[in-house]
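Scroll down for the structure; my scribbles are underneath it.
The values are calculated or read from the model by the stated rules, or taken from the named source; none is laboratory data. Remember, predicted model here, so these are calculated numbers, not experimental data. Note that each Cβ is placed from the backbone with ideal geometry, even for glycine, and that neighbours are counted across all protein chains shown. Each accessible area value is taken on the protein alone, full model and side chains, heavy atoms only, with ligands, DNA and RNA left out. Shrake-Rupley method; radii C 1.70, N 1.55, O 1.52, S 1.80 Å.
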Amino acid sequence: MGETLATQTVTNNLPGASELRDAILQHAEADDTIQIAMEATSVYSWHPAMFLCWDSR
C-alpha cells in the first residue's frame, strides 16, 4: 500500500482539475511514479480522469 500525502476537494471542472494536477505535482519528484485512486461516481469521474491521463504538464 502507498502513503496518503494529502486529501483535497476541488470543483469538477477544468480549473478544479488543474488545481488537482498542480497539488499532485507538488508532491512528485522527477523520477516518481504517481498512482491516483478516484471514486467511480458514474460520469463525474470521467472528465478529471481523462484530464489527468492526457495532460502533458
Segment 41-53 - residue that is surrounded by 10 or more Cβ atoms within 10 Å (Cβ to Cβ) and of a type in the set (A, V, I, L, M, F, W, C) and, of those, nearest to the chain's Cα centre (by Cα): L52
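State which residue is modelled with the lowest pLDDT when the search covers only segment 24-57 and only residues that are part of a helix (DSSP H, G or I) and among the hydroxyl-bearing types (S, T, Y).
Filtering segment 24-57 down to residues part of a helix (DSSP H, G or I) leaves 24-26, 42-54.
Still in the list and also among the hydroxyl-bearing types (S, T, Y): 42, 44-45.
Working: S42: 80, Y44: 84, S45: 84.
Of everything passing the filter in segment 24-57, S42 is modelled with the lowest pLDDT.
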Within segment 1-28, tally of residues that are under 16 Å from S56 (Cβ atoms) and open to solvent by 90 Å² or more (accessible area, probe 1.4 Å): 1
Pair list, Cβ < 7 Å and 6+ apart or interchain, from segment 33-52 residues that are free of Cβ contacts under 8 Å to residues at least 24 places away in the same chain to residues that are exposed (fewer than 11 other Cβ atoms within 10 Å of the Cβ): S45/E39
T4 being among the β-branched types (V, I, T) and over 12 Å from the mean Cα position of the chain (by Cα): yes
